[in-house]
Amino acid sequence: MTERSEGTDKHSTVGPVTEQEASRGGTVQIEDVAVRFRMKKKDVTALRDVSLDVAEGEFVAIVGPSGCGKSTLLKLVAGLLKPSSGAVRVRDEAVKGPRHDIGYVFQRAALLEWRSARRNILLQAEMRRMPADRARERTAELIAMTGLTGFEDAYPHELSGGMQQRVALCRALLHEPPVLLMDEPFGALDALTREQLNIELNRIWRETRTTVLLVTHSIAEAAYLANRIVVMTDRPGTIAEIIDVDLPDERDYAATMAQPEFARATGRIRDLLGAASAAD
Amino acid sequence: MVSQSTASSVPVAGVAERDRPGPGERFRDAIGRSWRPVALLVALLVAWWVITAAKLVETYLVPSPAKTLQVMSDKWGYIWHHTWVTTYETLLGFVIATIVGVLAAVIMVYSTAIEKTLYPVLLFAQVIPKVAIAPLLVVWLGFGLAPKVVVAVLIAFFPVVISMVTGLKAVDPEMIQLSATMGAGPLQTFSKIRFPASLPHLFSGLKVAVTLAVTGAVVGEFVGANEGLGYVIQQANGNLDTPMLFAGLIVMSLIGVVLFVLVEFAEKLLLPWHASRRGAAVTTTY
C-alpha cells in the first residue's frame, strides 16, 4: 500500500513479471476519476465520476459511443495519462507514470516494419532485458497459442490485418502481464477474422487468467467475451451502467449467441446506448 | 502479400519466392526498367551529333560528341586526377554533412528550446547563396581542400537535417507509448524505435544531399583552386577549349549520378523492408 519510490519501481516492474509478483493479482481500482483537457482556451471534460473495481482475472469490456473517453480510461490505467482528479490503482499500487506490468494492444497493430513477426514480439523482451532463453521459449509458446506458426519470419507488410494483430497480442503477453489492456484491438478487421480472434481471445484469457480491460464498439464482442460490461455515455464520458454477464468463462461462439443471457445483455447495452444518444 | 489465411501452418515460402526473383528474372527486370532512360540518352546523343555534324552551331561553341570523346581519351590521366580530387572533396563534405546533420536533427527533436533557437540560424545559413560566401571561405581557409569541403557541407547539410527531423517526428505515437509501458528508457526508445523508423526519411534527404555536395565542391573549386573538375572547367573556359569543357561537365555529372546510385544501393541494403514495400506500392498497374 505504500507509495513506491523511483528506484524500487524499476526493480519491481521492469523485467518478466515473477510468479511472486503475479500472485499479487491483476486488480484495477478506478476511484472517482475525472479527466479534463484544455482545448483552444476551452476546458473539455473527457471523463467524470468514473469509478470501477476490476477483480483479479476478470474480463471487463467497455462500450460506448465514439469519443466518450473509453480509450482515455485505458490510458489512465496504463499510467500514460494523469487524471485531473481521482485515483487509479493497479495491483494495489497507486498509478504514478507508465505501468510496466501491463500489456497494451491498440487498434492498429503498431508493429515495427523492419522487424519480423518474431522479432516484433521479442521487442518486449529486449526493452525489459528479459533473459534471452526465457524470452525465446515464451515467444514460441505464444506463437503456437495464437496460431502464428509459419509466419514467425514474415514482415508486417507481408501479414494480413488479423495476423498483425495476433503479433501485437503476443508482444503484449510476452512478459505475462497481470493486466491486459486492449483498445479496440479488432476494430479494423473484417467480421470473419474478428469473430475468429474473439474465440481465440476467450481461450487465451482462460489459459493465462490475466485481467482484461477491452474497449470495443461491438456489442456482441463485449457480451461474448466479458464477465462485466461497462456502458459509457457521451461527453462528458461517464458510466451509465455496469452489466453483469452471467455466462460460464468457457464460451462456444454460436451457443453463447443463442443464450437468453446473451440476448439480455446485448439488449440492455442497446437500450442504454440508444438512451444515451437520444438524450443528446 | 501473404493471402490472409486461417490455416496456421501456411509456410512463408511463397512470400520469399516472390520477393527474391532468380538471376534471370532480375536481369530481365533490370532491362525492363532501364531501357527508357537509355533510349532517351541515345536520342540526346544523336541530336547532339546531328546538330554538330550539320554545322547548325559553330564547333568552337559546341564540339561534336566524337571530339569530346577524343579529348576524354587523350587527356585521360589529367581528367582522372582532377575527377578524384572533386570526388574526394564531395565525399568528405557529404560524410561530414550527414554526421553533423543527423546529430543536429536528433538534438533539435529532443529539445524544443534548441530547435527554436537553431532553426532560424539553419534557415539563414541555407538561404545564403553558397557561391557568394565561397570567396570568403577561400580568404579564410586558403586554396586547399578545406574551403571546397566546407562549401559542400554547407550545401548538403540542410536536406539532411530537414529529412532527419521529419523522420524522427514521424514515429507512430502509439509505438512510443507502448515503449513506455515496456519500461524502455529514452536511449532504448531511440535506438530501437525512433532511429530505425526515421531512416527512410533520412535516405531521401541523403540522395538530395549527395548530388548537392558535388555542386558544393565544384563551386569551391571555381573560386580558387589548382585542382579538381571546377579548376579544369575554368582553365578550359579561359582557353576556349570547349571539348575539354564538355568533357569536364560530363564527368562531373557522372560523379553525381554514381554517388546517387551508391546511396540508393546502401538504402536497399540497409532498409530492405522499406524498399520492398515501396516497390510493391509502385507496381500496382497492370
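Every number in this text was worked out from the coordinates using simple rules, so none of it is lab data. Everything quoted here is computed from the prediction, not taken from an experiment. All Cβ positions, glycine included, derive from the backbone under ideal geometry; neighbour counts span all protein chains shown.
Per residue of peptide A:95-101, the mean number of Cβ atoms on other chains within 10 Å of the residue Cβ is 3.
Cα centroids of segment A:136-169 and segment B:83-120: 39 Å apart.
In loop segments of segment A:195-280 as defined by DSSP, the GluC sites (Glu not before Pro) with at most 13 further C-beta atoms inside 10 Å of their C-beta are A:Glu250.
Remark: mean inter-chain Cβ contacts per residue of A:118-128 equal 3, using a 10 Å Cβ-Cβ cutoff to other protein chain atoms. Dividing the summed helix terms, -39500 (n - 2.57) for each DSSP H run of n ≥ 4, by the number of residues in chain B produces a 222 nm estimate of -27000 deg cm²/dmol to the nearest 500. What is chain B by shape, rounded, prolate or oblate, if you read a ≥ b ≥ c off the alpha carbon gyration tensor as root eigenvalues and call it rounded for a/c under 1.5, prolate for a/b larger than b/c, and oblate otherwise? Oblate, because a/c is 1.5 or more while a/b does not exceed b/c.
Counting only lysines at least 8 places from A:Lys75 when in the same chain, those with an alpha carbon closer than 21 Å to its own are A:Lys10, A:Lys96. Of the DSSP H helices in chain B, those with a Cα length along their own long axis of 24 Å or more and a mean Kyte-Doolittle hydropathy reaching 0.0 comprise B:23-53, B:76-110, B:145-169, B:195-223, B:242-270. Remark: B:Met164, A:Met163 ranked as A:Met163, B:Met164, counting other beta-carbon atoms within 10 Å and listing the fewest first. Pairs of Lys residues in segment B:63-282 that lie 8 or more places apart, or on two chains, and have C-alpha atoms under 22 angstrom apart add up to 9. Each part gets one Cα centre, and for segment A:25-39 versus segment A:42-100 those centres are 4 Å apart.
For chain A, a/c is not less than 1.5, where a ≥ b ≥ c are the root eigenvalues of the C-alpha gyration tensor, and a/b does not top b/c. That puts it in the oblate class.
Within segment A:161-256, the trypsin sites (Lys or Arg not before Pro) that combine a DSSP coil assignment with at most 16 other C-beta atoms in a 10 angstrom radius are A:Arg209. Taking the number of Cβ atoms within 10 Å of each Cβ as an exposure proxy, the fewest-first ranking of A:Arg134, A:Arg128, B:Arg36 is B:Arg36, A:Arg134, A:Arg128. Per residue, chain A reaches -12000 deg cm²/dmol at 222 nm when only DSSP H runs of four or more residues are counted, each adding -39500 (n - 2.57). Annotation: amide H-H contacts under 5 Å for A:Phe59 (H modelled 1.01 Å from N, sequence separation of 5 or more, or interchain): A:Val212, A:Asn227, A:Arg228.
Summarising the amide proton neighbourhood of A:Glu241: residues at separation of 5 or more, or on other chains, whose placed amide H is nearer than 5 Å comprise A:Val231. Sequence-ordered 3J(HN,Hα) estimates for segment A:226-241 from the Karplus curve with 6.51, -1.76 and 1.60 and θ = phi - 60° stand at 8, 7, 9, 10, 8, 9, 10, 9, 6, 2, x, x, 8, 7, 7, 6 Hz, glycine and proline given as x. Largest mean-square fluctuation among B:Val223, B:Val46, B:Val160, in a Gaussian network model of chain B whose springs join Cα atoms under 10 Å apart, belongs to B:Val46. Straight-line cross-link reach from A:Lys40 at under 22 Å between alpha-carbon atoms covers these lysines, not counting any fewer than eight positions away in the same chain: A:Lys82.
Considering only B:Gly216, B:Gly77, B:Gly167, the mean-square fluctuation computed in a Gaussian network model of chain B, springs between alpha carbons under 10 angstrom, is largest for B:Gly77.
Stokes-Einstein diffusion for segment A:74-136 at 10 °C, viscosity 1.306 mPa s, with a Kirkwood radius from C-alpha pairs, works out to 115 µm²/s. The mean number of Cβ atoms from other chains found within 10 Å of a Cβ in peptide A:149-155 is 6, as a whole number.
Report the Stokes-Einstein translational diffusion coefficient (µm² s⁻¹, integer) for the protein assembly as shown, Rh taken as the Kirkwood radius over Cα pairs, at 25 °C with viscosity 0.890 mPa s. Approximately 87 µm²/s, per Stokes-Einstein. Extension gain, B:Val258-B:Lys75: 0.36 nm per intervening residue step, less the Cα-Cα distance, totals 63.7 nm. For segment B:202-244 versus segment B:37-69, the spacing of their alpha-carbon centroids is 23 Å.
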